[in-house]
């Protein structure tokens, strides 16, 4: 669960930093955990609305889709959302809260899922595996005759 304690945010503008571990993330994460570092600028308007903008930073471990080698990819995703007390609308960038904390798990998970590329490559010029002998063409020359 990724929860933000609203009672600790002073009125007006403030700089806030958070660290979370997202467990059981999705199938794209090999070890099941993503460490998230969030840096937010928050405008607390009378404890009824919080305007949040900032950056989520995290690393995800993948296996390359071409050569199957494991690699890490660093992400820095800009975020902007509003926390609004007892909000009943359907704007996706406005998150409702009704007590002194708000659960951001679903919202941040969606940002992370959308940031994952369809084709996960260890590097842009990955040569992949030989379709005949299976040699990693990034490390070895193919020795097959085809």
Which ranges mark the strands (runs of 3 or more DSSP E) fully within the stretch 33-146 that have 2 or more residues being over 30 Å from residue 8 (Cα atoms)?
-> 49-63, 70-85
Residues being at pLDDT 90 or above and either touching a helix residue (DSSP H, G or I) at 6+ places or on another chain (Cβ under 9 Å) or surrounded by 11 or more Cβ atoms within 10 Å (Cβ to Cβ) (or both) - total across the stretch 9-40 = 9
Flagged pairs (Cβ under 7 angstrom, 6 or more apart or on separate chains; first in the stretch 45-57, in contact (Cβ under 8 Å) with a residue 24 or more places away in the chain; second part of a loop (DSSP other than H, G, I, E, B) and surrounded by 14 or more Cβ atoms within 10 Å (Cβ to Cβ)) are 50/9
Being touching a strand residue (DSSP E or B) at 6+ places or on another chain (Cβ under 6 Å) and loosely packed, with under 12 Cβ neighbours inside 10 Å is the filter; apply it to the stretch 79-123 and report the residue that is farthest from residue 55 (Cα to Cα).
-> 93
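Give me the residue from the stretch 66-78 that is surrounded by 15 or more Cβ atoms within 10 Å (Cβ to Cβ) and over 15 Å from the mean Cα position of the chain (by Cα) and, out of that set, nearest to residue 43 (Cα to Cα).
Residues of the stretch 66-78 that are surrounded by 15 or more Cβ atoms within 10 Å (Cβ to Cβ), as a first pass: 66-67, 69, 71, 73, 75, 77.
Those still in the list that are over 15 Å from the mean Cα position of the chain (by Cα) too: 66-67, 69, 71.
Numbers: 66: 45, 67: 46, 69: 43, 71: 37 Å.
Going through the qualifying residues, I end up with 71.
The values are calculated or read from the model by the stated rules, or taken from the named source; none is laboratory data. The structure displayed is predicted, hence computed values, not measured ones. Every residue, glycine among them, receives a Cβ derived from its backbone with ideal geometry; neighbour counts consider all protein chains shown.
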